[in-house]
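To keep things clear, I will list the structure first and then write my remarks on it.
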Amino acid sequence: MTPARSSGPVLAVVGATGAVGSVLLQLLSVRADVWGGIRLIASPRSAGRLLAVRGEEAEVLALTEDAFDGMGRGDVAVFLTPADVSARWAPAATARGAAVVDQSAAFREDPRVPLVVPEVNAEDARERPRGIVAGPDCVTAAMAAALGALHAEYGLRDLTVSSYQAASASGRAGTEALRRQMSLVAGTSLGGMTGDVRRAVGEDTGPFAGPLALNVVPWCGDLAAGGWSTHELAIRAQTRRILRLPALPVAVTCVQVPVLTGHSLSLRARFDGAVDAGRAREVLQAAPGVVVVDDPAAGEFPTPVDAAGTDPAWAGRLRASLDDPCSLEFFVCADNLLHGSALNAVQTAELIAAEFA
Ligand SMILES: NC(=O)c1ccc[n+]([C@@H]2O[C@H](COP(=O)([O-])OP(=O)(O)OC[C@H]3O[C@@H](n4cnc5c(N)ncnc54)[C@H](OP(=O)(O)O)[C@@H]3O)[C@@H](O)[C@H]2O)c1
């Protein structure tokens with residue numbers, strides 16, 4: 001833990017050594033400092049490691065019952081861990097009175113746990129029957145602020161989304177697998193045939209459903225009814241929850257692409273009435289957490305390479321539908337680790353801390 005100060009709540013970062021955890025520690029150095037102490041927690045494998053946070057070195061603690069000793073009401077534990085770990089250990093923090101902000105899938109469908117994107121439904125974080133607030137998955141997070149602003153203006157009626165998802169959405173394992181595959185294919189003289197990439201990568205495709213180097217894989221998650229993937233269904237359910245549109249028709253196709261960090265989304269949104277693309281652009285420009293980058297003539301549009309390492313979701317390629325005056329087509333990119341998880345977690349933790357300030 002960083003040296004405790006006389007005042008201010010404690011922030012516990014559980015999963016501090018992971019892909020999202022590392023980004024969150026960097027983020028804490030540039031946010032307004034509301035924390036009296038920061039406690040870093042990970043698996044027993046990482047216990048004793050020293051990590052830099054806010055210009056100081058802090059030792060990583062193993063996740064045990066003792067890890068939350070001394071924490072209580074007003075303190076916050078952010079969980080950036082696999083869902084089974086969050087499900088098992090979040091109650092250990094809430095039992096001591098601390099609030100939990102969980103970025104895994106463990107509690108996203110629990111009606112007693114609010115699902116919060118601070119730019120859209122910050123007020124929902126105040127009501128926490130289980131002491132837990134959940135954050136969305138990184139695809140839902142990428143589009144939530146833009147959709148929330150457009151819905152407030154026009155009334156969202158229907159949504160179709162295709163995601164182009166980066167490897168780091170699968171954490172360190174995803175990043176390492178893509179890097180390994182890229183070096184394997186770079187070391188061969190490929191004839192351009194699909195079989196060459198498969199041969200170079202071999203059987204071990206890491207967390208992806210096929211070789212990802214020089215490829216796209218239209219599959220993320222597990223098989224669900226009707227040929228949908230669990231990830232596609234989760235994005236649909238979360239979008240409905242966050243926008244408070246429980247019957248919103250949502251069709252999602254998730255595609256894994258060979259990008260290290262930064263999700264991209266192609267969206268078609270249909271609204272209650274006619275939409276003017278110029279006015280919609282103004283709505284997005286005014287939306288918190290969104291920047292509009294939309295000048296194709298000048299080669300300006302969102303790309304994951306540019307969005308990576310930045311806080312907001314980047315929106316562009318805004319077009320009125322050619323066939324339907326009520327529909328809008330657009331493209332969004334956002335850093336899945338930062339915008340899609342670490343920033344959401346920090347903003348939510350700060351909202352909770354402010355309740356007790
Ligand atoms: N990556 C993304 O873009 C993204 C976006 C939104 C949400 N999320 C969610 O955020 C969570 C973290 O994702 P990530 O990508 O950062 O994963 P990651 O890189 O695999 O990191 C996982 C973290 O959890 C810790 N951990 C694993 N097993 C543990 C155990 N048994 N006890 C205590 N700590 C344990 C790891 O500690 P060790 O280092 O000690 O193993 C590490 O700090 C996941 O639930 C993920 O679904 C991720």
Which is the longest run of the chain containing none of the GluC sites (Glu not before Pro) found in DSSP loop states (not H, G, I, E, B) with at most 13 other C-beta atoms within 10 Å?
204-357
Quick one: length gained pulling residue 228 to residue 94 fully straight, 0.36 nm per residue minus the C-alpha distance?
44.8 nm
Just grab the label-to-label distance for residue 179 and residue 73, each label 7 Å out from Cα along the Cβ direction, in nm (one decimal).
4.6
Percent accessible area from carbon and sulfur atoms, the range 278-322, protein chains only, probe 1.4 Å:
55
For the range 140-336, taking Cα atoms only, what is the radius of gyration to one decimal and the Dmax to the nearest whole Å?
18.0, 54
Give, in nm to one decimal, the length gained when the segment between residue 62 and residue 204 is fully stretched (0.36 nm per residue of separation minus the Cα-Cα distance).
48.1 nm
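In percent, how large is the relative contact order of the range 140-336, given Cα pairs closer than 8 Å and 6 or more residues apart?
Normalised by residue count, the contact order of the range 140-336 is 29 percent.
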Sites residue 188 and residue 216 - FRET efficiency at Förster radius 22 Å, r taken between beta-carbons, to 0.05
0.65
The chain: C-alpha gyration tensor shape, a/c 1.5 cut-off, then a/b vs b/c
oblate
Given axes a ≥ b ≥ c from the Cα gyration tensor, I'd like to know whether the range 80-212 is rounded (a/c under 1.5), prolate (a/b larger than b/c) or oblate.
oblate
Contour minus Cα-Cα distance for residue 54 and residue 357 (0.36 nm per residue):
107.0 nm
Are there any chymotrypsin sites (Phe, Trp or Tyr not before Pro) in the range 239-347 that are in a DSSP loop and have at most 11 other Cβ atoms within 10 Å? List them by number.
none
Give me the percent of DSSP beta bridges within the range 140-336 that run antiparallel, rounded to the nearest 5.
70
First measure r as the distance between the Cβ atoms of residue 295 and residue 157, then evaluate 1/(1 + (r/R0)^6) with R0 = 45 Å and state the FRET efficiency to the nearest 0.05.
0.95
Which of the cysteines found in the chain have nothing to pair with, since no other Cys Cβ lies under 4.7 Å from theirs?
138, 326, 333
Average accessible surface area per residue within the range 254-357, 1.4 Å rolling probe, Å²
39
Where the Cα pairs of the range 267-354 fall when distances are cut into 10 Å bins, in %:
17, 40, 29, 13, 1
At a probe size of 1.4 Å, how large is the accessible area of residue 50, to the nearest 10 Å²?
100
Determine, from the Cβ-Cβ distance of residue 253 and residue 7 and an R0 of 51 Å, the FRET efficiency 1/(1 + (r/R0)^6), rounded to the nearest 0.05.
0.55
Can you give the relative contact order of the chain as a percent, counting alpha carbon pairs under 8 Å and 6+ residues apart?
18
Tell me, what HN-Hα J-couplings in whole Hz come from the Karplus equation 6.51 cos²θ - 1.76 cosθ + 1.60 at θ = phi - 60° for each residue of the range 168-175, using x for Gly and Pro?
6, 4, 8, x, 4, 4, x, 5
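The values are calculated or read from the model by the stated rules, or taken from the named source; none is laboratory data. Quick caveat: nothing in here was measured; it's all calculated off a predicted structure. Using ideal geometry, Cβ is built from the backbone for each residue, glycine included, and neighbour counts are taken over all protein chains shown. Note: areas computed on protein heavy atoms with side chains; ligands, DNA, RNA excluded. Shrake-Rupley method; radii C 1.70, N 1.55, O 1.52, S 1.80 Å.
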